[in-house]
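For reference, the structure discussed in these notes is given below.
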Amino acid sequence: MLFAPVDRRAERANSDQVAVVFEQQTLTYGELNRRANQLAHHLRELGVGPDVLVALFVERSLEMLVGIVGILKAGGAYVPIDPAYPKKRIGYILEDSKASIVSPGVAGR
C-alpha cells in the first residue's frame, strides 16, 4: 500500500525522523502516522471504506498530506478540491464526483 512506508517508519525507534517538509513546517513519520490514523478512524466511523469518495477541501499544506494518507488508510479515495477554485468549479467537482463526505480541513484534528 502507498502508506506502508509511513507505518513502517513510524513503528521504528526512529519515528522522529522528518517525513515531509512544507514551507517552514515539518512532520515526523510518527506525527504523520498518528494524525493520519486518527483521521482514518474518524472517517471509518462516518462510513468511509472502499468505493467511498471523500472531497478533501483544503489548501496545499501538511494537513492536505495528512488528509490524503488518512483517507487512504480508511479505505476511501480522495477528491482534492482547492478552496481557491471558483465556487462554480467546486460545485461541479462535488456534483460530478458524487463525493459522499466533504472534509473541510478535518485533517488537522
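The GluC sites (Glu not before Pro) found in region 8-83 that occupy coil by DSSP, while having at most 13 further C-beta atoms within 10 Å, are 23, 59. The label point for residue 24 and the one for residue 98, both projected 7 Å from the Cα toward the Cβ, are 4.6 nm apart.
Put in order of Cβ neighbour count within 10 Å, fewest first, the listed residues 82, 51 become 51, 82.
Between residue 88 and residue 51, the modelled label-to-label distance comes to 3.4 nm, taking each label 7 Å out from Cα in the direction of the beta carbon.
Rounded to whole Å and sorted largest first, what semi-axes of the equivalent ellipsoid does the C-alpha gyration tensor of region 4-108 yield via the square root of 5 times each eigenvalue?
Working: eigenvalues 133, 55, 14 Å².
Equivalent ellipsoid of region 4-108: 26, 17, 9 Å, largest first.
With Cα atoms as the point set, the radius of gyration and Dmax of region 27-67 evaluate to 10.9, 30 Å.
Please compute the net charge surrounding residue 89, taking Lys and Arg as +1 and Asp and Glu as -1 over other residues with Cβ under 13 Å from its Cβ. Working shown, then result.
Values: positive: 87, 88; negative: 82, 95, 96.
The answer is -1.
Read the figures in this text as sums done on the coordinates, not as results from a lab. In this text, all values refer to a predicted model and were calculated from it rather than measured experimentally. Glycine gets a Cβ as well: all are built from the backbone with ideal geometry, and neighbour counts include every protein chain shown.
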